[in-house]
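I have placed the structure first, in the form of structure tokens, so that the comments after it can refer back to it.
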Amino acid sequence: MSTEHVERRLTAILAADIAGYSRLMGDNEEGTLAQLKAHRSALIDPKINEHRGRIVKTTGDGMLVEFASVVEAVRCAVEIQRGMAERNVTAPAGQRIEFRVGINVGDIIIEGDDIFGDGVNVAARLEGLAEPGGICVSGRVQEDAQGKLDIAFEDIGEQKLKNIARPVRVYRLRLDATAAPARTHWRRGLYAALALMILLAAGALWTGFGSESKFLSILRPGDQFTKSAEVDEKPAIAILPFLNNSGDPAREYFADGLTQDIINALGRFSALTVMSWNAVAPYKGKPASPEDIGRGLAVSYLVEGSVRHTGDRVRVIAQLVDTRQGRVLWSASFEEALADVFALQDIIVTDIVRVLAIRVTQIEQNRVFAKPTENLAAYDYVLRARPALQRPTRANNVEARSLVKRAIELDPNYAAAYAALAETHHLASSMGWAESPAASLSRAEELATKALRLDDSEVRAHVILGHIHLFHQRYDLAKEEIERAIAINPNDALGLAGRGTILLWLGQTDAAIEALEQAQRIDPDLNAVDRFALSLAYYLKGRYDAAIEQAELNLRTTADANFSRVLLAAAYAQNNRAEDAARVVAMIRRIDPTFDPQEFGNKFLNSGNLDHLRDGLRKAGLYPVSGDLLPAERMNR
């Protein structure tokens, strides 16, 4: 073709195809073709004509359409996708025809009725990024259409498209949301950028996070400088469980483990409040809007994503959402060798912190980005052990212990594995599962100490040591360990609850409740020991209804928590619920015939607190009135 015959023009290109077309044709060829013909006749072709589009060509499963107007191209795509959603309502799930649509603006070459060029190729690649029933557009389309359509655009970042030389900024259209009110005045973006520059300069704490110019690229004209990024604000964020898109349910633990590691890493930044895994786990796989989740967890931001683990590679997609506006602040996709999974975690954490403009110290950075182990198989065993440790039953404890021992065999210097092994021994001792509680406690102390020799930033090991010191009434050492844990991770619920537990036994009940309630806000599923401490703190303040509520909840989730049963009896008695107290006392007698009320609560430094507790035990019928016999035993003599 000679150059004088080449015709070019700038146009909007819409590329569409049918998701799962081969499967649909394989299942029912004639039915699929009949459906497609009906959809085109009743909806698709009329909409294209209405918005002055031209169908360039069709294939079996798709079409290429050009529009003179970008706005008309987007409006047409939106109306078609919404119309298809309505038409699919009555169709069985496996028989629905769902289009994926990509739209680009570009210079094209016209040859007869056909069109060619990078503009067309980009549109086709964008269609491949769209979800079934969804629309993806280039940054140029978003710029031209934003503010002219009542539709929300989600920025999913720059994407490297196949056979396209330069990365393309891509936006996903949210068909279920309307656009936020347009903010077009360029000065707002400028002021936001200036404010951010001042923040960064004043803090001088951004070492290691890249250049300011890269950071400022997240701010576009019209963006507001979010309130949470203001100095002295402490944004609250939730990391939702990443979806497992590996096609193998057995890999669920890997997606959960990645989520938990991101939670733990973000938790180490003192400028953030980060919800625990237990707080976000109930939202796993459940449809809920960012606004609903934000209200439910009392957070301003959430991160959601997915993990695809195939062979020796892992692909992660993640996005950060402002729950108050439903606006995507950052999104990205990564595909790395599995060996680079720790680097991938670091990138995600760094980007989230950058977008939220969180000021961090070099110490915090070093703690967050320290690589836990060089042995991925050992890391895998620790990930597998976590679900068992999160649901502490006798059987789960045995399973977790076996898994982390394998991790230690593979990497004898893996601090997190030693901390997890210490936790299994501490649980066995505190829950009454160990043949020798004293030996288990001693072994837990030995293992936690070793974990800290390997890595002093291992939070779980500090918390376990704190509880062990508390048991031995080494109060100063207990406080030191817990405060170290909180300094490393200010959002660690175990550390905060541990602080509350220690303050409780030291007689600082109000401060104990404050710390325990803070821990409960971050982690609604406090473990049995910490929930008992909160229940006991309420009891000591005379808040018997609250004490009963926490004790009953503990027993519903952890039936072995007999210490909560004892406290429940005392709280019932103080609340004048004699029959309930008697029923619980009878159960305590059956479960633990050797229960000694003299030992219960004897670690209180405040004698008034001990007297208050024993008064409740006595009223419940658990405490001897005279001699060595309990009231029920004297009656049976």
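To keep it simple, each residue is scored yes or no on (1) at pLDDT 85 or above; (2) within 17 Å of the chain's Cα centre (by Cα); (3) within 23 Å of GLU252 (Cα to Cα); (4) not basic (Lys, Arg).
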{"position": "ARG295", "(1), (2), (3), (4)": "yes, yes, no, no"}
{"position": "GLU304", "(1), (2), (3), (4)": "yes, yes, yes, yes"}
{"position": "VAL314", "(1), (2), (3), (4)": "no, no, yes, yes"}
{"position": "ALA318", "(1), (2), (3), (4)": "no, yes, yes, yes"}
{"position": "VAL328", "(1), (2), (3), (4)": "no, yes, no, yes"}
{"position": "SER331", "(1), (2), (3), (4)": "no, yes, yes, yes"}
{"position": "LEU338", "(1), (2), (3), (4)": "no, no, yes, yes"}
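Residues of segment 406-416 that are touching a Pro at 6+ places or on another chain (Cβ under 9 Å) and not in a loop (DSSP other than H, G, I, E, B): ALA415, ALA416. If you go through segment 557-579, how many residues are more than 19 Å from ASP592 (Cβ to Cβ) and either part of a helix (DSSP H, G or I) or acidic (Asp, Glu) (or both)? Here the count works out to 4. Checking each residue of segment 440-457 against the condition of being of a type in the set (S, T, N, Q) and within 30 Å of ASP592 (Cβ to Cβ) gives at least one match. LEU536: under 29 Å from the mean Cα position of the chain (by Cα), closer than 21 Å to LEU610 by Cα and not assigned by TED's automatic domain parsing to the domain that holds ALA238, yes or no? It is false that LEU536 is under 29 Å from the mean Cα position of the chain (by Cα), closer than 21 Å to LEU610 by Cα and not assigned by TED's automatic domain parsing to the domain that holds ALA238. Can you confirm whether ASP596 is surrounded by fewer than 22 Cβ atoms within 10 Å (Cβ to Cβ), in contact (Cβ under 8 Å) with a residue 40 or more places away in the chain and not in a helix (DSSP H, G or I)? When the stated conditions are applied, ASP596 does not pass them. Among residues of segment 48-76 being of a type in the set (A, V, I, L, M) and either touching a Cys at 6+ places or on another chain (Cβ under 9 Å) or farther than 16 Å from LEU173 by Cβ (or both), the one that is surrounded by the most Cβ atoms within 10 Å (Cβ to Cβ) is VAL65.
Summed over segment 43-68, residues that are among the small types (Gly, Ala, Ser) and at pLDDT 90 or above total 1.
Is there a residue being more than 16 Å from ILE464 (Cα to Cα) and in contact with a Pro (Cβ under 9 Å, 6 or more places away or on another chain) anywhere in segment 383-391? Scanning segment 383-391 turns up no residue that is more than 16 Å from ILE464 (Cα to Cα) and in contact with a Pro (Cβ under 9 Å, 6 or more places away or on another chain). Restricting segment 471-501 to residues that are outside any helix (DSSP H, G or I) and either touching a residue at least 12 places away in the same chain (Cβ under 8 Å) or in the same structural domain as VAL274 (by TED's automatic domain parsing) (or both), the residue that is farthest from the chain's Cα centre (by Cα) is GLN473.
Yes or no: segment 136-154 includes at least one residue that is in a helix (DSSP H, G or I), at pLDDT 80 or above, among the acidic types (Asp, Glu) and touching a Lys or Arg at 6+ places or on another chain (Cβ under 9 Å). No, segment 136-154 contains no residue that is in a helix (DSSP H, G or I), at pLDDT 80 or above, among the acidic types (Asp, Glu) and touching a Lys or Arg at 6+ places or on another chain (Cβ under 9 Å). Going by the conditions given, is ILE513 under 31 Å from the mean Cα position of the chain (by Cα) and modelled with pLDDT of 90 or more? In short, yes.
Tallying residues that are farther than 20 Å from PRO387 by Cα and in contact with a helix residue (DSSP H, G or I) (Cβ under 6 Å, 6 or more places away or on another chain) within segment 430-443 yields 5. Report, by residue number, each residue of segment 516-539 that is at pLDDT below 90 and more than 24 Å from ARG295 (Cβ to Cβ). Across segment 516-539, the qualifying residues are ASN527, ALA528, VAL529.
Total residues in segment 556-576 satisfying the condition of being under 17 Å from LEU427 (Cβ atoms) and either outside the structural domain of PRO593 (by TED's automatic domain parsing) or out of contact with any Asp or Glu (no Cβ under 7 Å at 6 or more places or on another chain) (or both): the figure is 7. For residues that are under 29 Å from the mean Cα position of the chain (by Cα) and in a loop (DSSP other than H, G, I, E, B), scanning just segment 432-470, find the one that is nearest to GLY601 (Cα to Cα). Among those residues, the one meeting the criterion is GLU458.
Do we have ALA91 as more than 26 Å from ASP113 (Cβ to Cβ) and either part of a helix (DSSP H, G or I) or not hydroxyl-bearing (Ser, Thr, Tyr) (or both) here? Against the criterion (more than 26 Å from ASP113 (Cβ to Cβ) and either part of a helix (DSSP H, G or I) or not hydroxyl-bearing (Ser, Thr, Tyr) (or both)), ALA91 qualifies.
Taken over segment 608-637, residues that are assigned to a helix (DSSP H, G or I) and modelled with pLDDT of 55 or more amount to 13. Could you tell me which of the residues ALA395, ALA420 is under 16 Å from LEU494 (Cβ atoms) and at pLDDT 85 or above? Just one listed residue meets the conditions, ALA420. Inside segment 65-88, can you point out the residues that are within 23 Å of ILE108 (Cα to Cα) and not in a helix (DSSP H, G or I)? Answer for segment 65-88, where residues must be within 23 Å of ILE108 (Cα to Cα) and not in a helix (DSSP H, G or I): VAL65, GLU66, PHE67, ALA68, SER69.
Taken over segment 253-279, residues that are in a loop (DSSP other than H, G, I, E, B), buried (at least 23 other Cβ atoms within 10 Å of the Cβ) and not polar (S, T, N, Q) amount to 3. Determine whether ARG583 is farther than 18 Å from LEU610 by Cβ, in contact (Cβ under 8 Å) with a residue 12 or more places away in the chain and either in contact with a Lys or Arg (Cβ under 8 Å, 6 or more places away or on another chain) or part of a helix (DSSP H, G or I) (or both). No; evaluated as a whole, the condition is false for this residue.
Would you pick out the residues in segment 261-280 that are under 20 Å from PRO387 (Cα atoms) and either at pLDDT below 75 or of a type in the set (D, E, K, R) (or both)? Passing the criteria: only ASP261.
The values are calculated or read from the model by the stated rules, or taken from the named source; none is laboratory data. Here the structure is a predicted model, which means the values were calculated and not measured. For neighbour counting, all protein chains shown are included, and Cβ atoms are generated from backbone atoms with ideal geometry for every residue, glycine included.
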